[in-house]
Amino acid sequence: MHMRKPIVVGNWKMNGRQAGVNQLIAGLREAAVGLAGVDMAVCPPVIYVPSALSGLGGSPVKVGAQDVSLHGQDGAYTGEVSAAMLADVGCTYVIVGHSERRALYGETDEQVAIKFANAQREGLCPILCVGETLEEREQGVTESIVAHQLDAVLSKAGIGAFDRALIAYEPVWAIGTGRTATPEQAQDVHAFIRARLASHDAGVASRVRIQYGGSMKPENAAELMAMPDIDGGLIGGASLKVNDFMTICRAAGGGA
Ligand code: PEP
């Protein structure tokens, strides 16, 4: 029995068109009725965030964004969307430091920490993604990579910030590859993350929810969720299908 309420978040990445997005939202809205014991959210491409907010208004499925600007003030930053704007339209969450942003757009641990702090300043709940590449795992440096990613945020925002944030452990080699970490591999890193936070504040560490992400699907969700330090999931591919996403949500909530 988990002391922390599990949370499942869908990361739609750069997928969808208006008609399909509307169908997905309507399907989620219907399927989520009465689903208890789990928090749920979706992070659509930012242009579809308003559709999700209106389509899911009053539903237990909350809405977030996939990224946020480094810049905290309005201004001449063409193409950027600020934390204040995401909060203004009604977002609850924002993903920061997703491995695709780190790898494809060169985001550094320090930039991710700034985004995290910007999000919290505007009242958003950041979902801090951490995780090692395959090469790093094979070199045996998983813990030091994850520690550095965490420490950048700890030194910028402080341990107390983790009472208003989520962490997603996402081994890069498991994202979109169909290759899932075993429950034991994931649990080991989740426990490491919690212990690292506990060295700053045991209470915060025991409360923070740590999601697993990386090819989580209906077939493997229950065994991952059963691990003591896994408190939910960040779901890419499987979040684009109502039934798959909802099956994962039910597994997280302890249902069949
Ligand atoms: C993700 O990108 O956050 C993710 C976990 O993707 P997938 O579920 O497709 O591996």
- Scan region 1-34 for residues that are under 13 Å from R250 (Cα atoms) and away from the ligand (no atom under 16 Å from the Cβ) and jot them down. K5, L28, A31, A32, V33, G34
- Message: Filter region 194-241 down to the residues that are in a helix (DSSP H, G or I), within 16 Å of the ligand (Cβ to nearest atom), over 13 Å from N11 (Cβ atoms) and in contact (Cβ under 8 Å) with a residue 60 or more places away in the chain and list them by number.
- Response: M225
- Task: Name the residue, out of G37, G123, G58, that is away from the ligand (no atom under 16 Å from the Cβ), part of a loop (DSSP other than H, G, I, E, B) and in contact (Cβ under 8 Å) with a residue 60 or more places away in the chain.
- Result: G37
- Note on the structure: If you go through R17, R101, R29, the only one that is of a type in the set (D, E, K, R), surrounded by 17 or more Cβ atoms within 10 Å (Cβ to Cβ) and farther than 24 Å from M225 by Cα is R101
- Note on the structure: Per the filter on region 62-114, residues in a helix (DSSP H, G or I), within 17 Å of C43 (Cα to Cα) and within 16 Å of the ligand (Cβ to nearest atom) are S99, E100, R101
- How about region 158-182: which of its residues are part of a helix (DSSP H, G or I) and more than 18 Å from the chain's Cα centre (by Cα)? I159, G160
- Message: Of the residues E143, E100, E107, only one is among the acidic types (D, E), under 25 Å from G176 (Cα atoms) and without any contact (Cβ under 8 Å) to a residue 24 or more places away in the chain; which?
- Response: E107
- Message: Could you go through region 160-173 and let me know if any residue there is over 23 Å from L224 (Cβ atoms) and surrounded by 16 or more Cβ atoms within 10 Å (Cβ to Cβ).
- Response: yes
- Message: Suppose we keep only residues that are crowded, with 24+ Cβ neighbours inside 10 Å and aliphatic (A, V, I, L, M) within region 114-137. Which one would you say is nearest to L70 (Cα to Cα)?
- Response: A119
- Item | Q66 being closer than 29 Å to A195 by Cα and touching a residue at least 40 places away in the same chain (Cβ under 8 Å) | yes
- Among the residues of region 176-193 satisfying the criterion of being hydroxyl-bearing (S, T, Y) and surrounded by fewer than 16 Cβ atoms within 10 Å (Cβ to Cβ), which is nearest to W12 (Cα to Cα)? T177
- Query: Just one of the numbered conditions (1) free of Cβ contacts under 8 Å to residues at least 40 places away in the same chain; (2) farther than 23 Å from A65 by Cα is not true of T247; which one?
  - Reply: (2)
- Message: Whether any residue in region 242-256 is more than 20 Å from V130 (Cα to Cα), surrounded by fewer than 19 Cβ atoms within 10 Å (Cβ to Cβ), in contact with a Cys (Cβ under 9 Å, 6 or more places away or on another chain) and not acidic (D, E) is what I want to check.
- Response: yes
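Any read-out appearing in this document is the output of simple, stated calculations on the displayed coordinates, not a laboratory observation. Predicted model, so just to flag it, every value in this text is computed and none were measured. In this analysis, Cβ positions are derived from the backbone assuming ideal geometry, glycine residues included, and neighbour counts consider all displayed protein chains.
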